[in-house]
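Following: one structure in structure tokens, then a few remarks.
The values are calculated or read from the model by the stated rules, or taken from the named source; none is laboratory data. What you see is a predicted model; the values in this text were computed from it and never measured. Ideal geometry is used to build each Cβ from the backbone, glycine not excepted, and the neighbour counts take in all protein chains shown.
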Amino acid sequence: MTYPILWIVVAGLLLLSFFKDRAKTKKALMMALKQFSNLLSVLIGLVLFLGMARSLIDPALIGRLIGPESGVLGVAGGLIIGSIMLIPGFVAFPLAAGFLEIGAGYPQVAGFIAALMSVGVSTAPLELKYFGVRLTVLRNLLCLLTAIVFVLVIWWRGI
């Protein structure tokens, strides 16, 4: 029920903007269209990847690697892979949902997502340049520790 109201409000504000300054509104719409096309290519790739993964990868394999039975090794794998990869959140969360649908465990996926969103092994060279070795290492270690605590809470809660 909220979406129709949201669309009406957005359309009204767009019309207001258009009547106030047509040139700026057209420019903003062109920028939005460009960003949408960039996002669409990523989303199409994500849908294709998840579709192929679901059809090619045996759910039993996912279960062994990062399933509930994989235990600490599966969590460690999720934390390591998440720490290394560089994926935006709007791609990572549907990817994690896809993993859960094909048999991954919640603590393992939580470790992957928590590390992915916070630990930055792939961004470390840039951080080193601006923040120095001490702060970069400290930030990444604290983020990894936080991700581990997050996994332990999920594991403890039995989710």
Residues (modelled with pLDDT under 75 and either under 17 Å from the mean Cα position of the chain (by Cα) or part of a helix (DSSP H, G or I) (or both)) located in the stretch 57-74
59, 60, 61, 62, 63
Options 102, 154, 87: the member that is in contact with a helix residue (DSSP H, G or I) (Cβ under 8 Å, 6 or more places away or on another chain) and under 25 Å from residue 38 (Cα atoms)
87
What pairs can you find where one residue is in the stretch 140-159 and assigned by TED's automatic domain parsing to the domain that holds residue 68, the other is aromatic (Phe, Trp, Tyr), and their Cβ atoms are less than 6 Å apart, with a gap of 6+ or different chains?
154/106; 159/106
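Yes/no matrix, rows are residues, columns are (1) surrounded by 11 or more Cβ atoms within 10 Å (Cβ to Cβ); (2) of a type outside the set (Ser, Thr, Tyr); (3) assigned by TED's automatic domain parsing to the domain that holds residue 149; (4) out of contact with any Phe, Trp or Tyr (no Cβ under 9 Å at 6 or more places or on another chain):
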{"residue": "5", "(1), (2), (3), (4)": "no, yes, no, yes"}
{"residue": "20", "(1), (2), (3), (4)": "no, yes, no, yes"}
{"residue": "85", "(1), (2), (3), (4)": "yes, yes, yes, no"}
{"residue": "106", "(1), (2), (3), (4)": "yes, no, yes, no"}
{"residue": "114", "(1), (2), (3), (4)": "yes, yes, yes, no"}
Do you know which of the residues in the stretch 43-62 that are among the hydrophobic types (A, V, I, L, M, F, W, C), more than 19 Å from residue 92 (Cα to Cα) and without any contact (Cβ under 8 Å) to a residue 12 or more places away in the chain is surrounded by the fewest Cβ atoms within 10 Å (Cβ to Cβ)?
56
Answer yes or no: is there a residue in the stretch 112-126 that is at pLDDT below 95 and more than 19 Å from the chain's Cα centre (by Cα).
yes
Looking at the stretch 34-42, is at least one residue among the polar types (S, T, N, Q), touching a residue at least 60 places away in the same chain (Cβ under 8 Å) and part of a helix (DSSP H, G or I)?
no
